[in-house]
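Take a look at the structure set out below.
The values are calculated or read from the model by the stated rules, or taken from the named source; none is laboratory data. Every value quoted in this text rests on a predicted model; they were computed, and no experiment measured them. Every residue, glycine as well, gets a Cβ built from its backbone with ideal geometry; the counts of neighbours run over all protein chains shown. Surface areas here come from the heavy atoms of the whole protein model, side chains and all, with no ligands, DNA or RNA. Shrake-Rupley method; radii C 1.70, N 1.55, O 1.52, S 1.80 Å.
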Amino acid sequence: MAPFPGSGLAKGLAVTLRTMTRKTVTEQYPDVQPDLPPRTRGVIGLFEENCTVCMLCARECPDWCIYIDSHKETVPAAAPGGRERSRNVLDRFAIDFSLCMYCGICIEVCPFDALFWSPEFEYAETDIRELTHERDKLREWMWTVPAPPALDPAAEEPKEIAAARKTAEKLAAATQAEPTTLPDEPLPPTRPTGPTGSGDPTAPSAPEGGES
């Protein structure tokens, strides 16, 4: 059944009338901070200890607003006879928020959980050049990152936990299947080696044909 002409206009006017009759509520910002949703995309916080300078975030950023500088250091061998290794050391990690479009790709592709969303949004500047924030500022925003929400009781078990649980169950089953006691079998009889049956191998044995 086709809608009659003007039905869309009538629905729109009905929504307008319902809104006009509601009481207006004004949030007294900045005296009262807004109650933001837990997944608010404010700014990006950096947990520097987890960063391995893999450059994935900078390469995947569609706006090229992440700047990373690093150098290599030689790590001595952990044990005698081992070989030295080299590791990347982070020198600079900066994000230009005048270019960032808050897509979250850098946070999603980070394999070591070094980037997080923070609900902080009060970082306006009078000069656009001051919107490039270095790692010290990104580190400060890290402490405003909310705790992760609780897991849904009806959700599926994480693959890592499920694999570890199955491995533990297999080890427990294998341990229970192994015998813990020796089989209950009779011991073979002991043959006396001496004439008196004393079991002394050094004692003289009796002749087989009897006494002569």
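Could I have the simple spin-label model distance between Arg39 and Lys170, label points 7 Å from Cα toward Cβ, reported in nm to one decimal? In this crude label model, Arg39 to Lys170 measures out at 3.5 nm.
Among the protein heavy atoms, those of Val53 account for about 10 Å² of accessible surface (1.4 Å probe, every chain in place).
Exposure check, 1.4 Å probe, all protein chains in place: Tyr67 carries approximately 80 Å² of accessible surface.
Pull out the extension gain between Ile128 and Gln28, defined as 0.36 nm times the separation in residues minus the alpha carbon to alpha carbon distance; nm, one decimal.
Full extension of this stretch gives 33.2 nm more.
Return the loop-located trypsin sites (Lys or Arg not before Pro) in the range 46-122 (DSSP other than H, G, I, E, B) with at most 15 other Cβ atoms within 10 Å of their own Cβ; answer none if there are none.
Numbers: sites: Arg59, Lys72, Arg83, Arg85, Arg87, Arg92; in loops: Arg83.
Here the trypsin sites (Lys or Arg not before Pro) that fit, given the DSSP loop and packing criteria, are Arg83.
A DSSP coil position with no more than 12 other Cβ atoms inside 10 Å describes the following GluC sites (Glu not before Pro) in the range 1-98: Glu27, Glu84. Extent of the range 1-98 along its three principal axes (Cα atoms, max minus min coordinate, largest first): 85, 45, 27 Å.
At 0.36 nm per residue, minus the direct Cα-Cα distance, what do Thr21 and Ile105 gain on full extension? Give it in nm, one decimal, please. Numbers along the way, then the final one.
Working: separation 84, 0.36 × 84 = 30.24 nm, distance 4.22 nm.
Residue separation times 0.36 nm, minus the Cα-Cα distance, leaves 26.0 nm.
Return an integer: the convex hull volume of the alpha-carbon atoms of the range 12-157, in Å³ per residue. Each step should come with its number before you reach the end.
Numbers: hull volume 33.9 nm³, N = 146.
Considering the Cα atoms of the range 12-157, their hull volume per residue is 232 Å³.
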